[in-house]
Amino acid sequence: FPSRLPNVGTTIFTVMSALALEHKAVNLGQGFPDFACDARLVDAVNGAMRAGHNQYPPMAGVQVLREAMSQKYEALHARRYDANTEITVTAGATQAILTAVLACVQPGDEAIVLEPCYDSYVPNIETAGAKVVRVPLTPGTFRPDFDLIAAAIRPRTRLMIINSPHNPSGTIWTDAEMRQLEALLAPTDIVLISDEVYEHMVFDGQQHQSAARYPGLAARAFIVSSFGKTYHVTGWKIGTVAAPASLTAEFRKVHQFNVFTVNTPMQYGIAEYMKDPAPYLQLSAFYQAKRDLFREGLKDSRLKLLPSQGSYFQCVDISDVSDLSEADFCQWLTREIGVAAIPLSAFYVDKFDQRVVRFCFAKKDDTLREALQRLRKL
Ligand code: PMP
Ligand code: GLN
């Protein structure tokens, strides 16, 4: 039968992690921490299992977790999401985004993505049978260009996906940019997916501007969050979607026949752990220290550091180091220098080279030091 996704291969993250393993390279490619999560979180999940929370939860997720998320949105962004009708627990952000896309676009609709973007967005839209309209972020700064976005909005535009803090560039949308988006979308019925998985990793005193803060955006937005990122448990694959009741109702129609429910003990364990806000309130400082350690180690190298305002990624310009394409450079770096990275071209449909690769600094300080030691050979 004809392929549903003829242009899709294995994700770059899987490819580079396998290569890193094969060559015993320090893996700064795929984005995941190499350190343990908080033992209290593991205890909370164990406690939930021992307490017998091991059968199907409600389809939308367990009540206490939906309530904990509702309270968190109210505390951080002054918007009240109803735990019963507006918050759904998902199997990570990846399932949340696919489910939201499937819920709101029809074949023939158009969906706007801003490139570079996380590699699941485009295949998700194609799976739904909609047309992907790609708008570049401004080269070099990776900021949104509202003239280009406005020009991409057409009568069939049904959806737009944004991501701040941004993977791969770390760019954080400003309040002014969020307002500009709000004004631009006001006369339309475009649905927004706001991918906010790096919401608690914002550096240098900046603030995460959640779509929840903007009434005109919140009214049309699926806001996606990931406990995997926030609590150092990417393998748990658990997150949430907050959206107005009408959008949530459509989301749940797809969700219930997609995963139906997400595993029960982790939902109880995370809800218990969330009673203490310190872990997410301290996350920015925690990652800022790692970003600074990594940047300090590279500052005298020929890898040129791009800004990293948020997320756990640091991009560098390789043009003074190599003439190889980004993709070939990442292969070479893994095999010969022993450090894995991700080529920025992986975040574009048309793989053009801008001489930039992405490192993930969500690693133990010793891991970062070992990588820096190796990178000094460049
Ligand atoms: N969106 C972005 C921007 C990401 O970087 C990631 C993590 N790789 C995801 C979504 C997926 O998150 P999860 O692991 O919760 O599915
Ligand atoms: N989000 C992570 C990254 O960008 C990895 C996700 C994945 O492996 N699919 O590196």
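The values are calculated or read from the model by the stated rules, or taken from the named source; none is laboratory data. None of these values were measured; they are calculated from a predicted model. Methodologically, a virtual Cβ is constructed for each residue, glycine included, from the backbone with ideal geometry; neighbour enumeration extends over all protein chains shown.
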Filtering region 100-148 for residues that are closer than 13 Å to L159 by Cα and touching a Phe, Trp or Tyr at 6+ places or on another chain (Cβ under 7 Å) leaves a count of 3
Do we find that V339 is among the β-branched types (V, I, T) and closer than 23 Å to L114 by Cβ in this structure?
no
Subset of region 91-109, residues near ligand 1 (Cβ under 8 Å from one of its atoms) and either free of Cβ contacts under 8 Å to residues at least 60 places away in the same chain or not in a helix (DSSP H, G or I) (or both), comes to A91
When restricted to P58, P2, the only residue without any contact (Cβ under 8 Å) to a residue 12 or more places away in the chain and either within 23 Å of S120 (Cβ to Cβ) or more than 16 Å from ligand 2 (Cβ to nearest atom) (or both) is P2
S246 meets each of (1) assigned to a loop (DSSP other than H, G, I, E, B); (2) farther than 22 Å from K229 by Cα; (3) of a type in the set (G, A, S) with one exception, condition (1)
Exactly one of S169, S226 is within 22 Å of T141 (Cβ to Cβ), within 16 Å of ligand 2 (Cβ to nearest atom), among the polar types (S, T, N, Q) and touching a strand residue (DSSP E or B) at 6+ places or on another chain (Cβ under 8 Å), and that one is S169
When restricted to F294, F347, F329, the only residue under 24 Å from D119 (Cα atoms), in contact with a strand residue (DSSP E or B) (Cβ under 8 Å, 6 or more places away or on another chain), touching a residue at least 24 places away in the same chain (Cβ under 8 Å) and within 16 Å of ligand 2 (Cβ to nearest atom) is F347
Q. Among the residues of region 192-200, is there at least one that is in contact with a Pro (Cβ under 7 Å, 6 or more places away or on another chain), under 27 Å from A346 (Cβ atoms) and of a type in the set (D, E)?
A. no
Screening V64, V89 for residues that are surrounded by fewer than 18 Cβ atoms within 10 Å (Cβ to Cβ) and over 30 Å from K131 (Cβ atoms) leaves only V64
### Query
Is it true that Q282 is more than 16 Å from ligand 2 (Cβ to nearest atom), closer than 23 Å to T174 by Cβ and not basic (K, R)?
no
In region 143-163, anything farther than 21 Å from E126 by Cβ, touching a residue at least 24 places away in the same chain (Cβ under 8 Å) and not in a loop (DSSP other than H, G, I, E, B) is listed as F146, A150
So, first residue more than 13 Å from ligand 2 (Cβ to nearest atom) in region 229-255, second residue part of a strand (DSSP E or B) and among the small types (G, A, S), Cβ within less than 6 Å, six or more apart or across chains; the pairs are T240/S225
* When you look at A219, is it more than 16 Å from ligand 2 (Cβ to nearest atom), buried (at least 17 other Cβ atoms within 10 Å of the Cβ) and within 21 Å of A249 (Cβ to Cβ), yes or no? -> no
Scanning region 250-264 residue by residue, those over 22 Å from A68 (Cβ atoms) and not in a loop (DSSP other than H, G, I, E, B) turn out to be E250, K253, V254
Reported set for region 1-44 where residues are of a type in the set (D, E, K, R), over 30 Å from Q373 (Cα atoms) and modelled with pLDDT of 95 or more is R40, D43
Being surrounded by fewer than 21 Cβ atoms within 10 Å (Cβ to Cβ) and of a type in the set (G, A, S) narrows S226, S246 down to just S246
Somewhere in region 75-88, is a residue more than 16 Å from ligand 1 (Cβ to nearest atom) and within 29 Å of A346 (Cα to Cα)?
no
Condition set under 19 Å from E115 (Cβ atoms) and surrounded by 22 or more Cβ atoms within 10 Å (Cβ to Cβ), scope region 186-216, selection nearest to ligand 2 (Cβ to nearest atom): answer is V197
